[in-house]
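Reviewing the structure listed below.
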Amino acid sequence: MVSPNTPETPGGAAAPSAAPRSIHDVVIRLAGNSQDGIQSIGGFLARLAGRTDQDVMTYMTIPSTISGGPSIFQVRMGTGDILSAGDRADMLVAFYQHSYDAHIGSLRPGGVLLYDSDHVKPVEGDHRFTQVSVPITSGTVEAVGGAGKDKGKNIYILGLIARIFDLDVTKLATLIKERFGGKSEDVVRNAMLAFDAGFAWPQNNLRDLFYRFEAVDGVVSSGRPQITLDGNSAIAYGLLAAGVRHGAGYPITPWSSIMEILRTELPKYGGIFVQCEDEIASISTALGFSYTGQLAITGSSGPGLSLKMEALGWATMAEMPLIVVNVQRGGPSTGMPTNVEQSDLLQAIYGSHGDAPRVVLSPKNVEDCFYTAMEACRIAREYSTPVIILTDQAVSTRIEAFDEPDLPSIMVKPGADLSPRPADFKPYPVNALTRHAPPGSVVGSGKYPTVTGLEHDELGHPTGSSKLHTQMTAKRRDKIKQLAATLPAPELSGDSGGEALLVTWGSNWGPGREAIARVRKVGIKAGHLHLRHINPFPPGLAATFARYHKVIVAEINDEGLYGYGQLAMMLRAAYANPAIESITKTDGLTFKVSEIVSGISKHVESQALDASLGVSRRSPLAVQP
Amino acid sequence: MSTALATPPPAPGAPLTKKILTADHPTWCPGCGDFAVLASFYRVLEKLQYPHEKIVTFAGIGCSSRFPYFVNTHGGHYIHGRALPFAAGISLGNEDLHVFVFGGDGDGFSIGGNHLVHTARKNVNLTYVIMDNSVYGLTKKQTSPTSPIGFKTKTDPTGAIDQPINPMRTLLNTGATFVARSHATQVNHMVEMMTRAAKHQGFSVVEILSECVEFYAGAFDSSIPRKGGTWTLIQEKKNDGTPEDAARHDVTDEVAAFKLAGQAWPGSFGVFYESNARKTKNVLEAELVAKARERTKNATDLQLLQSTFSKMR
């Protein structure tokens with residue numbers, strides 16, 4: 001393949017001498033500074049994957065400082081389902097010396113180091129890796145002029161990667177034009193010049209690095225086009241599809257991009273998103289919207305959720321529907337605001353005062369962010385309850401491609417029900433689900449209801465009656481139990497019984513799925529159960545757990561005072577099953593597959609599994625495998 | 001509770017009367033100033049004759065915040081200090097509603113102080129009535145943000161030492177577009193102030209001195225003539241060209257309003273400031289929607305989302 005507009009350059013983009021070697025998947029780690037645009041390389045590759053048969057998983061860390069500071073973007077690309085961002089890198093692209101120093105340890109033996117020879121001096125004679133010196137900076141400057149020192153290196157590298165992995169250059173060029181099309185022609189031209197320069201970098205310098213992904217076999221395409229977006233966007237658009245037209249929020253990383261999208265998008269749909277003075281005002285304004293009969297959304301990250309807790313208690317007491325998104329990050333306090341953690345689970349379920357049962361859902365990947373948002377809205381409306389969507393930093397910033405949702409069949413029509421209520425209308429019937437009469441609706445009795453945070457009777461009048469408090473507390477609990485009974489069985493894969501059941505929630509789904517595949521490969525009977533419904537739990541878990549010797553819960557939080565992560569603790573409390581064990585970690589990073597496998601090996605006796613842990617897998621990119 | 005259904009519903013479209021608007025019997029102590037505020041509010045609604053179902057009364061926490069239970073309209077009782085952002089959601093969520101928020105000095109100036117500033121700054125279309133008794137009554141006599149220095153409470157047994165808030169100055173500072181002050185012993189004046197506030201387009205606020213007979217008796221006697229006080233009404237400019245008009249207060253003059261707010265206690269009563277120069281947030285948001293709808297050529301929701309997704313392919 002030839003770049004569509006590459007001039008013939010001597011020693012340039014001539015056809016590679018050797019035939020490409022076939023690989024299943026590759027992990028590329030790009031390490032630079034946050035302003036180098038390395039995220040956009042990932043974006044291009046993810047969108048490319050969306051338009052071809054390859055699958056892509058990305059993983060990003062960004063510093064919380066505005067500019068400067070090291071940043072990495074990891075892309076795993078391959079054939080078939082790619083479920084995690086990969087453990088160790090097969091290729092490291094190092095833009096600076098600090099990038100090299102910090103990340104060379106993540107490169108697998110046999111892997112490829114591509115470094116900017118203008119900035120990086122690698123350890124000489126390091127034969128563990130294939131070292132390729134590329135003048136990234138001067139090559140870009142040569143292609144696009146002086147501006148290339150700061151801008152365009154990412155596109156140059158994209159060209160080089162396209163060459164090495166035999167990517168579809170025509171499609172990439174289209175993507176580049178689409179991406180920069182809104183800017184001036186110069187920008188598009190410079191981008192293409194940088195791309196072509198990277199692509200045309202002399203072949204003989206690449207030391208025969210030339211690969212092609214295995215042909216896709218047995219992958220059933222839905223026939224639907226793929227769309228490529230990050231998890232926060234998927235939540236925002238899921239809410240739009242679910243008919244949410246009102247919201248309020250306050251900026252906090254990594255939640256902010258959801259409110260930015262909604263602030264921009266909602267007016268097009270006739271809606272409104274209010275940026276409030278603080279987190280408490282945000283949830284209050286959102287509840288005000290919901291009170292007018294239009295389900296509203298607020299959201300935040302850990303510390304902001306804490307600030308919303310009193311109002312969340314009111315929402316439970318007043319039985320007001322509401323969507324609260326919490327994008328988890330490292331805590332407590334400001335903690336590690338740009339890192340991932342799953343340590344808000346108990347806060348989401350039990351935060352706030354009093355007995356305040358509510359619904360908590362957690363999406364497993366970007367696509368699931370969209371559908372979880374839709375389900376959350378359905379539940380909030382049907383049960384007149386606050387619903388928390390517990391997502392995390394990793395899935396919020398990750399870019400994935402998935403089947404475009406079939407919008408005509410799923411779009412929910414927005415709007416408040418202001419129809420007249422009958423004379424016997426009660427806002428808080430003891431034996432039925434609450435259906436509020438929003439202001440603007442005529443109540444037949446002429447007696448208008450009060451929504452309230454005080455304990456109340458069926459008509460909303462305050463009460464000090466012990467009998468009523470007992471009845472109403474039970475009512476608020478039982479409606480969540482009523483929801484639980486309707487939930488589908490959670491996703492279970494692998495063996496339906498055996499040595500071990502791995503339980504995951506949130507963004508651990510992918511590495512969990514891969515870990516169980518690896519465990520089963522050495523002959524252990526094991527299954528993987530993933531929970532989207534965190535509170536209430538779906539029915540049937542006790543029976544499922546009973547079919548395995550060990551139930552091992554993997555989550556990114558601390559083992560706490562009693563040796564169990566937050567979900568493990570909940571499951572042990574709910575099912576009193578001593579077989580429930582816990583794998584936890586608090587390094588601010590997503591689970592590696594090997595970390596989960598190694599965690600499982602501590603609870604499952606198997607020499608084969610132990611032996612498999614010791615094997616250091618050589619990179620498939622190794623020149624002499 | 002069960003008596004609620006015993007009374008026959010009013011005929012549809014029947015004029016709103018005090019009888020229709022009366023709900024639960026107030027829980028206030030006998031002699032509380034808030035009774036007069038409630039009676040005045042019934043008269044305001046009788047005067048304005050809004051459609052019954054489109055009136056909303058909302059409140060936070062405190063003695064005065066029990067208000068919504070005593071008014072038979074749609075309404076609610078929210079958490080301490082946060083009724084304003086909730087009410088902003090109501091106002092922005094349904095343009096057809098008439099939103100009234102009631103609260104006390106602790107709710108408005110202390111725990112809810114930040115919300116007061118920002119709801120006013122945004123000029124959200126609603127009416128806020130602060131019943132100021134200069135003491136925390138529901139929790140039985142602690143110092144409030146408007147308690148004067150020297151006032152003895154359970155949290156300041158030797159007398160309050162912190163500088164109290166000057167409500168009028170604070171309210172003018174927030175950027176509220178209608179600021180008035182009244183007194184619970186002056187029913188006609190309260191009715192006039194609340195009526196004007198309700199008719200105002202934007203964030204209107206009326207502070208009403210309302211005595212707590214239980215924990216701060218006599219707090220506002222200095223402005224009650226029959227108790228030897230002085231009741232000074234603000235004389236508003238009539239623009240009639242007479243020489244005496246020059247001395248009257250121009251309600252659109254912010255500096256003059258600040259001067260009134262700086263008067264020695266007990267100061268003056270009436271409208272300090274009123275301006276229609278600023279658009280309400282309700283209007284500004286509607287303009288955003290209109291512009292966006294024009295840009296997207298009134299595409300349907302489905303078309304909009306589909307076109308967004310097609311750009312992500």
Mind checking which aspartates and glutamates have their C-alpha under 13 Å from B:K18, skipping anything on the same chain fewer than 8 residues away? B:E46
Would you please classify the overall shape of region A:228-404 from the alpha carbon gyration tensor, given that a ≥ b ≥ c denote the square roots of the eigenvalues, rounded means a/c under 1.5, and beyond that prolate means a/b larger than b/c while oblate covers the rest? rounded
Work out the length of the dipole vector of region B:47-135 about its Cα centre, built from +1 on the beta-carbon of each Lys and Arg and -1 on the beta-carbon of each Asp and Glu, and round it to the nearest 20 debye. 60
If the limit is 24 Å between Cα atoms, which of B:K122/B:K199; B:K47/B:K279; B:K237/B:K259; A:K171/B:K297 go over it? B:K47/B:K279; A:K171/B:K297
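Indicate the gyration tensor shape class of region A:418-486 (rounded, prolate or oblate), computed on the Cα atoms with a ≥ b ≥ c the square roots of the eigenvalues: a/c under 1.5 is rounded; otherwise a/b larger than b/c is prolate and the rest oblate.
Values: a/c = 2.49, a/b = 1.36, b/c = 1.83.
Verdict is oblate for region A:418-486.
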Can you tell which of A:L502, A:S138, B:T57 lies farthest toward the positive end of the dipole of the protein assembly as shown, using +1 and -1 charges on the Cβ of basic and acidic side chains (Lys, Arg; Asp, Glu)? B:T57
Fraction of beta bridges assigned by DSSP in chain B that are antiparallel (%, nearest 5): 15
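Would you please classify the overall shape of region A:21-213 from the alpha carbon gyration tensor, given that a ≥ b ≥ c denote the square roots of the eigenvalues, rounded means a/c under 1.5, and beyond that prolate means a/b larger than b/c while oblate covers the rest? Walk me through the numbers on the way to the answer.
On the way: a/c = 1.30, a/b = 1.10, b/c = 1.18.
Rounded, because the longest to shortest axis ratio a/c is under 1.5.
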Neighbour-count order for A:Y383, A:Y250, B:Y78, fewest beta carbons within 10 angstrom listed first: A:Y383, A:Y250, B:Y78
Work out the length of the dipole vector of chain B about its Cα centre, built from +1 on the beta-carbon of each Lys and Arg and -1 on the beta-carbon of each Asp and Glu, and round it to the nearest 20 debye. 720
Order of A:R212, A:R532, A:R29 - criterion: other Cβ atoms within 10 Å of each residue's Cβ, fewest first: A:R212, A:R532, A:R29
How many percent of DSSP beta bridges within the protein assembly as shown run antiparallel, rounded to 5? 30
Among A:Q275, A:L487, A:L172, whose Cα sits farthest toward the positive end of the charge dipole of the protein assembly as shown (+1 at Cβ of Lys/Arg, -1 at Cβ of Asp/Glu, about the Cα centre)? A:L487
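Give me B:L84, B:L284, A:L322, A:L361 sorted ascending by neighbouring Cβ count inside 10 Å, so fewest comes first.
Details: B:L84 32, B:L284 12, A:L322 28, A:L361 24.
By the 10 Å Cβ count, ascending, the order reads B:L284, A:L361, A:L322, B:L84.
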Given the DSSP H assignment, sum -39500 (n - 2.57) over each helix run of at least 4 residues in chain A and divide by its residue total; what's the result at 222 nm in deg cm²/dmol, nearest 500? -10500 deg cm²/dmol
Those aspartates and glutamates that a straight Cα-Cα span of less than 12 Å connects to B:K54, excepting residues fewer than 8 apart in one chain: B:E95, B:D96
Between region A:378-416 and region A:565-617, what is the separation of their alpha carbon centroids in Å? 30
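Grab the eigenvalues of the alpha-carbon gyration tensor for chain B, scale each by 5, take roots, and send me the semi-axes largest first in whole angstrom.
Numbers: eigenvalues 243, 128, 91 Å².
Rounded to whole Å, the semi-axes are 35, 25, 21.
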Around A:N33, which amide H atoms from residues at least 5 apart in sequence, or from another chain, sit under 5 Å from its own amide H, with H modelled in the peptide plane? A:S71
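Which value, in debye to the nearest 20, describes the size of the charge dipole of the protein assembly as shown about its Cα centre when Lys and Arg Cβ atoms bear +1, Asp and Glu Cβ atoms bear -1, and nothing else is charged? Mind showing how you got there, number by number?
Details: 88 positive and 90 negative charges, 213 e Å.
For this selection, approximately 1020 debye.
Between their Cα atoms, which of A:K183/B:K281; A:K481/B:K19; A:K121/A:K151; B:K291/B:K311; A:K447/B:K154 are more than 31 Å away from each other?
On the way: A:K183/B:K281 33 Å; A:K481/B:K19 42 Å; A:K121/A:K151 22 Å; B:K291/B:K311 22 Å; A:K447/B:K154 40 Å.
The answer is A:K183/B:K281; A:K481/B:K19; A:K447/B:K154.
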Below 17 Å, Cα to Cα, which lysines can A:K153 reach? Residues fewer than 8 away in the same chain don't count. A:K177
Please provide three numbers in whole Å: the alpha-carbon extents of chain A along the principal axes, with the largest listed first. 89, 61, 43
Positive minus negative residues near B:A286 (Lys, Arg vs Asp, Glu; Cβ under 12 Å): +1
Could you work out [θ]222 nm for chain B from helices alone, using -39500 (n - 2.57) per DSSP H run of at least four and dividing by all its residues? Round to the nearest 500 deg cm²/dmol. -9000 deg cm²/dmol
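Each value in this text was obtained by applying a stated rule to the coordinates, not by laboratory testing. Predicted, not measured: the structure shown is a model, and the values here were computed from it. Using ideal geometry, Cβ is built from the backbone for each residue, glycine included, and neighbour counts are taken over all protein chains shown.
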